[in-house]
Amino acid sequence: MKKKLLFTMMCFTLLFTAGCGEVSKLKNGEEVVGKIKGKTITANDLYESLKKQNGTSAFVTLVDTYIANKEIKDSDAIKKEAQTQLDQLKAQYESAGQDFNAALSNAGYKNKDAFLDVLILDIKKNKVVENFLKEKVSDDEIHDYYEENITGEITARHILITPNVKDDMSEDDKAKEKKKAKEEAEKLIKKLKDGAKFEDLAKKNSDDEGSKDDGGLIENITKDSVVESFYTACTKLKDGEYTKEPVESSYGYHIILRVSQKEKPKLNDVKDDIIDNIVSKKLNNDSNLYTTTWGDIRKKYKLEIEDSEIKKGYKDSIQ
């Protein structure tokens, strides 16, 4: 998407430059963009060329930008989100030893503020799609999600043992490291059986830097907030019980002690969160949904395309 936006911005810049400032004109009034021996290139020539190359994309960007700015107003929250994205990209470039400002310049952006405006527009477009899809979520979908996924929040403690696996290792070496980590977790479970205090073992042994200092404490656990194997293990435990076998996840091996669980919240109290989650999953599971939804949004705004070439290109793109 960023490449399309970049190209569109460059097209607009060229057209804008061609139509502004002090430019020469032909006798028929056409503005002259440039000349070479035997040929005068007019603004109309440039427009027709750009239209054939990327006209549909540029046209759709104009339409979607209007809709996004109409439906989603600028806010401090959106600007902050965009700034966070920019800062993260900048950090990635710098960590790789690359000049972020030079990368922006090479991509056609005048400065960071220009790129920030693109990120802000992207966020707005995403929100337009999300809001449109939220309106389509049915009561049955909400009810089914509530019954299948919503439980009272769980508080637990855990000890994480992460295998010392590296990308350049052979599969055999990776398997050995995983086995070693699992055996270490099993030894800690034996210490628990012998009377060791869970919090003490977590502080001393856990590889989860975010919770180890609190004795492995994790609060407000829901199905969507942790990996599936961790959540499933929590639901099978009673308060005060810990897992008798290490629980494997993508992070390593966990020893989990369930502390408590709240009552299941009422549907009305979590309805908005449920709708957000339903829409998020739909977008994640269907790579075409974003595009097709924008097609529906434009229909809602009664989009009509007069130019035959743009119209054909648009039909092909949404199909």
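Those residues that are of a type in the set (Asp, Glu) and at pLDDT 90 or above, I need them from the range 45-84; list them, please.
Asp64, Glu71, Asp74, Asp76, Glu81
Answer with yes or no whether Ile142 is within 27 Å of Asn268 (Cβ to Cβ), touching a Lys or Arg at 6+ places or on another chain (Cβ under 7 Å), modelled with pLDDT of 95 or more and not small (Gly, Ala, Ser).
The answer is yes for Ile142.
Check Ile305, Ile297, Ile310 and return the single one that is surrounded by 16 or more Cβ atoms within 10 Å (Cβ to Cβ), at pLDDT 95 or above and aliphatic (A, V, I, L, M).
Ile297
Mind counting the residues in the range 208-235 that are within 17 Å of Ser249 (Cβ to Cβ), surrounded by fewer than 16 Cβ atoms within 10 Å (Cβ to Cβ) and of a type outside the set (Val, Ile, Thr)?
Of the residues in the range 208-235, 6 are within 17 Å of Ser249 (Cβ to Cβ), surrounded by fewer than 16 Cβ atoms within 10 Å (Cβ to Cβ) and of a type outside the set (Val, Ile, Thr).
Note down all Cβ pairs under 7 Å where the first residue falls in the range 295-307 and is touching a residue at least 60 places away in the same chain (Cβ under 8 Å) and closer than 14 Å to Thr61 by Cα, the second is part of a helix (DSSP H, G or I) and basic (Lys, Arg), and they're at least six residues apart or on different chains.
As it stands, the answer is Ile305/Lys311, since those pairs meet every condition given.
Which one is surrounded by the fewest Cβ atoms within 10 Å (Cβ to Cβ), of the residues in the range 249-263 that are in contact (Cβ under 8 Å) with a residue 40 or more places away in the chain, out of contact with any His (no Cβ under 8 Å at 6 or more places or on another chain) and assigned to a strand (DSSP E or B)?
For the range 249-263, the residue satisfying everything is Ser260.
Restricting attention to the range 42-80, which residues are loosely packed, with under 14 Cβ neighbours inside 10 Å, within 23 Å of Lys112 (Cα to Cα) and not polar (S, T, N, Q)?
Answer for the range 42-80, where residues must be loosely packed, with under 14 Cβ neighbours inside 10 Å, within 23 Å of Lys112 (Cα to Cα) and not polar (S, T, N, Q): Leu62, Tyr66, Lys73, Asp74, Asp76, Ala77, Lys80.
Any residue in the range 42-66 that is closer than 15 Å to Tyr301 by Cβ sitting within a Cβ distance under 9 Å of a residue that is surrounded by fewer than 19 Cβ atoms within 10 Å (Cβ to Cβ) and among the basic types (Lys, Arg)? List the pairs, counting only those 6 or more apart or interchain.
Phe59/Lys51; Val60/Arg298; Thr61/Lys4; Val63/Arg298; Asp64/Arg298
For the range 86-177, which helices (runs of 4 or more DSSP H) that fit wholly inside it have 2 or more residues that are free of Cβ contacts under 8 Å to residues at least 60 places away in the same chain, among the aliphatic types (A, V, I, L, M) and surrounded by 13 or more Cβ atoms within 10 Å (Cβ to Cβ)?
100-106, 112-134
Of all residues in the range 264-294, count the ones that are surrounded by 12 or more Cβ atoms within 10 Å (Cβ to Cβ), outside any helix (DSSP H, G or I) and under 26 Å from the mean Cα position of the chain (by Cα).
1
Restricting to the range 214-235, count the residues that are farther than 19 Å from Lys182 by Cβ and assigned to a helix (DSSP H, G or I).
4
Which one of these does Ser280 not meet: (1) modelled with pLDDT of 95 or more; (2) of a type in the set (Ser, Thr, Tyr); (3) under 30 Å from Lys193 (Cβ atoms)?
Here Ser280 clears every test but (3).
The values are calculated or read from the model by the stated rules, or taken from the named source; none is laboratory data. The structure presented is a predicted model; accordingly, all values stated were derived computationally and were not measured. Here Cβ is always computed from backbone atoms with ideal geometry, including for glycine, and neighbour counts include all displayed protein chains.
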